[in-house]
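First, the structure itself, so that you have it in front of you.
Any read-out appearing in this document is the output of simple, stated calculations on the displayed coordinates, not a laboratory observation. Just so it is clear, the model here is predicted, and its values are computed rather than measured. Positions of Cβ are generated from backbone atoms using ideal geometry, with glycine treated the same way; all protein chains shown enter the neighbour counts.
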Amino acid sequence: MSTFSLNTLIPNTLNKISNDEVLINHLTTIIKEFGYFLGNPSVAQLMGEVQLYKQSSSYITKTNKALEALQNCDAHYFPNIYKHFKILCTFTISVATAERSFSTLRLLKTYLRSNMREDRLNGLALLHIHRNIWAEKKTTKTLRAHY
């Protein structure tokens, strides 16, 4: 899947495309990759919707952010473009949480490899990954003990 093709309909990006053939190529890619989620529109349908969208007040805002474009897009008049922005907004940006978990596990295993059982390793890994929750509970417990 190409997020670049999804960025095509964001007003700032769409404004930079002056050639209809280039736009049609982008729309074809969007339909090929995400047509099922959009209700399988034809290129002509999507192109017509894009042309109307370019004349609408929601396009005039010239935003470069998908969430703003979604909030400004009227789902009644531009259903495919609205669904398109919804798809774009739900894409995950990164997999940092998973990478952080594996990195933490590697650090813990390296440090305490020889004398640790699996359940203790899992507990320490969870404490390290979710240390903000643990710190809040510890602070709450300390406050309750003093007051």
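With label points built 7 Å along Cα→Cβ from the Cα atoms of ILE133 and ARG120, find their separation and express it in nm.
Label at ILE133, label at ARG120, 2.3 nm between them.
Between LEU67 and ASN40, what is 0.36 nm times their sequence separation minus the Cα-Cα distance? Round to one decimal in nm. Walk me through the numbers on the way to the answer.
On the way: separation 27, 0.36 × 27 = 9.72 nm, distance 2.30 nm.
The span from LEU67 to ASN40 would gain 7.4 nm if fully extended.
Can you list the residues, at least 5 places off or on another chain, whose amide H is less than 5 Å from the amide H of THR63, using H built in the peptide plane?
Correct list: ASN12.
Shifting gears a bit: Could you put LEU124, LEU70 in order, starting from the residue whose Cβ has the fewest other Cβ atoms within 10 Å? Let's see the in-between values first.
On the way: LEU124 16, LEU70 21.
Final ranking by Cβ density, sparse to dense: LEU124, LEU70.
Give me LYS62, LYS16 sorted ascending by neighbouring Cβ count inside 10 Å, so fewest comes first. Please report the intermediate quantities before stating the final value.
Values: LYS62 12, LYS16 9.
So the residues, fewest neighbours to most, are LYS16, LYS62.
Something else now. Give me the one-decimal nm value for the distance between modelled label points at LYS32 and TYR77, 7 Å along each residue's Cα-to-Cβ direction.
Placing both labels 7 Å along Cα→Cβ, they lie 3.2 nm apart.
Report the net charge of residues surrounding HIS26, where surrounding means a beta-carbon distance below 12 angstrom and charges are Lys +1, Arg +1, Asp -1, Glu -1.
With Lys, Arg at +1 and Asp, Glu at -1, the neighbours total -1.
Express in nm, to one decimal, how much length is gained between SER56 and ASP20 on full extension, taking 0.36 nm for each residue of separation and deducting their alpha carbon distance.
Additional length available on full extension: 11.1 nm.
What's the exposure ranking of HIS76, HIS128, going from fewest to most Cβ atoms within 10 Å?
In increasing order of surrounding Cβ atoms, one gets HIS76, HIS128.
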